[in-house]
Amino acid sequence: MAAMMPAPMAAPSLPTPGRPAAPVLPSLAVRRTRWLAVGSLLGLIVLCLAWELVLAPIRPGGSWLALKALPLCLPLAGLLKHRMYTYRWVSLLVWLYFTEGVVRAWSDRPPGNWLAMIEVVLCLALFVACALHVRLRLRSARHEAAATPPTAAAGR
């Protein structure tokens, strides 16, 4: 009967072997990189839609190329939920849009080439924000791990 009883719960602020400590607020730099990443991603989504539907569509009235904004919508939830994996793969995905921006900046006529240059700048901002975010969070995790004393269970 005693084996079926749940283990007593520890105080929420104290870490236990099966339960992590209370979440720590991210540093100011991590929060800034997060908002830069989210802002530049939202900027890319709006730019892609406006570019292909209103500002300088390939065909009058808009084109199916506006669908290129859909893959950019997928990582938005992950970025807002602080998922490290999302920051990593977005930093790879963004190079497809960067390449499109460079090609169209070189080959399109105004105003398309100006929009392409804006796309390149937004892509670079998104990449830098994602790369810095991952780096800062990994550094923070290493410092927390070094500062946490080893538990008695780890020595067994």
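Of all residues in the stretch 99-134, how many are open to solvent by 50 Å² or more (accessible area, probe 1.4 Å) and under 30 Å from residue 28 (Cβ atoms)? If you could, list the steps in order and put the result at the bottom.
Taking the stretch 99-134 and keeping what is open to solvent by 50 Å² or more (accessible area, probe 1.4 Å), we get 99, 102-103, 106-107, 109-111, 114, 117-118, 121, 124, 127-128, 132.
Still in the list and also under 30 Å from residue 28 (Cβ atoms): 118, 121, 124, 127-128, 132.
The number of residues fulfilling the criteria is 6.
I need every pair where a residue in the stretch 113-139 that is free of Cβ contacts under 8 Å to residues at least 40 places away in the same chain and on the phi > 0 side of the Ramachandran plot has its Cβ under 7 Å from the Cβ of a residue that is part of a helix (DSSP H, G or I) and open to solvent by 70 Å² or more (accessible area, probe 1.4 Å), sequence separation at least 6 or different chains.
Listed by first residue and then by second, the contacts come to nothing, as the list is empty.
Looking at the stretch 41-96 only, could you name the residues that are outside any helix (DSSP H, G or I), under 18 Å from residue 114 (Cα atoms) and open to solvent by 70 Å² or more (accessible area, probe 1.4 Å)?
If the condition is that a residue be outside any helix (DSSP H, G or I), under 18 Å from residue 114 (Cα atoms) and open to solvent by 70 Å² or more (accessible area, probe 1.4 Å), then 58, 59 are the ones that fit.
The values are calculated or read from the model by the stated rules, or taken from the named source; none is laboratory data. These figures come from a predicted structure and were not determined experimentally. Reconstructed Cβ throughout: ideal geometry from the backbone, glycine too, with neighbour counts over all protein chains shown. Side chains included, ligands, DNA and RNA excluded: accessible areas come from the protein's heavy atoms. Shrake-Rupley method; radii C 1.70, N 1.55, O 1.52, S 1.80 Å.
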